Amino acid sequence: MSVKPYEMTVQVQCQYMPDQSDPAQQQYFFAYTVRITNSGQNPAQLVSRHWVITDGNNESQDVRGLGVVGQQPLLAPGETFEYTSGCPLPTPVGSMRGAYLCVGDDGQPFDTHIPEFVLAMPRTLH
C-alpha cells in the first residue's frame, strides 16, 4: 500500500455528559474527542469543518465553520492533533459524520472523511 501525498486519519471517541444534560427538558449533551493524524507524505493544514448531526427523530443539521476549537492546525507527516468538543441533542441517541477541508503544503485542497459515530446516552441502545 502506497502512502498518499496528502491524507489525514480521523479517530473519534464520545461520551454522554449527564452533568450537562437535562432529560426532563429533552436536553442531552455529548462530548467527543477527535484525533487527527497526518498519515500522508507531506505537511497539511486543517482549514474548516463540516458536520452533519442527526438526532433520534432523524432530524439533521449541517454545521460548518473555520478550523476546530478555534485552531487551524498544520500537521507534519505522522503528527497528531487532538481536541475535545461537544454536541447538544434533543434526543438520547443521535449520530455525527462529516469532513474536514484540508490544504496541502503546495496549496492543494483535499477532503478528509469523518466516519459516522453514534452519540448515545448509556442504556438506550441494545
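The values are calculated or read from the model by the stated rules, or taken from the named source; none is laboratory data. Just so we're clear, the structure is a prediction, and the values are computed from it rather than from any experiment. So basically every Cβ, Gly included, is an ideal-geometry build from the backbone, and we count neighbours across all protein chains shown.
Values for this structure:
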quantity: Flag for Glu59 being at pLDDT 95 or above and more than 17 Å from the chain's Cα centre (by Cα); calculated: yes
quantity: Failed criterion for Asn58 (all others in (1) part of a strand (DSSP E or B); (2) more than 24 Å from Thr9 (Cα to Cα); (3) out of contact with any Phe, Trp or Tyr (no Cβ under 7 Å at 6 or more places or on another chain) hold); calculated: (1)
quantity: Cβ-Cβ under 9 Å pairs, at least 6 apart or on other chains, segment 113-126 side hydrophobic (A, V, I, L, M, F, W, C), far side at pLDDT below 95 and exposed (fewer than 10 other Cβ atoms within 10 Å of the Cβ); calculated: Val118/Leu125
quantity: From the options Gly107, Gly86, residue that is on the phi > 0 side of the Ramachandran plot and either touching a strand residue (DSSP E or B) at 6+ places or on another chain (Cβ under 9 Å) or of a type outside the set (Lys, Arg) (or both); calculated: Gly107
quantity: Candidate set: segment 38-89, residues that are touching a Ser or Thr at 6+ places or on another chain (Cβ under 9 Å) and β-branched (Val, Ile, Thr); chosen: the one farthest from Asp22 (Cα to Cα); calculated: Thr80
